[in-house]
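Note sheet for the following structure.
The values are calculated or read from the model by the stated rules, or taken from the named source; none is laboratory data. What you are looking at is a predicted structure, and each value in this text was computed from that prediction instead of being measured. Backbone-built Cβ (ideal geometry, glycine too); neighbour counts: all protein chains shown.
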Amino acid sequence: MTELHLFFIDELTVAAPGDVVTFGRSGDIEVDEANQYMHRIVGTFFDQDNVWWLTNNSKHGNLTLVGEGGRLTRLPPEAVTALVEPTGTVNFDSGPTTYELGWTLPGRDPLMPPLKSSGHGNDAAIPDATTQFGVVSLNDEQKQMLVALSERSLLDSTAPTSDLPANAAIAHRLGWSAKKLDRKLDYLCARLASEGVRGLRGEKGFEAIDRRSRLVEHAMASGMISSADLNILDR
């Protein structure tokens, strides 16, 4: 059983077999103690059966594992996955900031260089409570629209959020005109963008499907919709 080496910014944490290492706002690895949007414990590394594992301890928000060759694994809340790659990174969003934590299994690959967060900490007072980021109230039609757009991902957590039905198919299912659907999508994206959610504003070179994919990803990760809402499509 090999050690697990974890990197965050310029700090190395070595986990020996039998160790349990947490990361988050107040974890063994303190990612950003001043970020009120971050869970106190975002994830936990542990070993079992001679394999290192990662648990997503978040109530809302996916962890994205990026292994060698760009292999992606999306880890939803409360899910567990094995670290099958000798090196990789764990990426996650907390509010408007994206963080990256690196891992290496020495003996299988050389140590990887330190990795840095894309956000910046500050010396502000440390908040006690975790604040949900980018969550807005939805009326019935807005929720129906989000659920219809996200249906494939809600039915299968492994489905990529880029695998979305066409707007025309969504409008037909909801009994709406294409113009009504576009208007409601624009309005909801604008509301969330004003809350600081990235990737929802129309920009040069930005494809509409990317905006829809980002909307689905955020709506599910933030808990605005869940598989329990699928029944509203049958009403």
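Here's the yes/no breakdown for (1) assigned by TED's automatic domain parsing to the domain that holds His39; (2) modelled with pLDDT under 75; (3) out of contact with any strand residue (DSSP E or B) (no Cβ under 7 Å at 6 or more places or on another chain); (4) within 28 Å of Val80 (Cβ to Cβ):
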| residue | (1), (2), (3), (4) |
| --- | --- |
| Ser150 | no, no, yes, yes |
| Lys184 | no, no, yes, no |
| Gly202 | no, yes, yes, no |
| Leu230 | no, no, yes, yes |
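Can you name the residue in the stretch 141-179 that is touching a helix residue (DSSP H, G or I) at 6+ places or on another chain (Cβ under 7 Å) and without any contact (Cβ under 8 Å) to a residue 12 or more places away in the chain and, of all such residues, is surrounded by the most Cβ atoms within 10 Å (Cβ to Cβ)?
This residue is Ala171.
Within the set of pairs 6+ apart or on separate chains, which have a first residue in the stretch 31-43 that is of a type in the set (Lys, Arg), a second that is modelled with pLDDT of 85 or more and not in a loop (DSSP other than H, G, I, E, B), and C-beta atoms under 7 Å apart?
Partner pairs satisfying both residue conditions: Arg40/Gly24.
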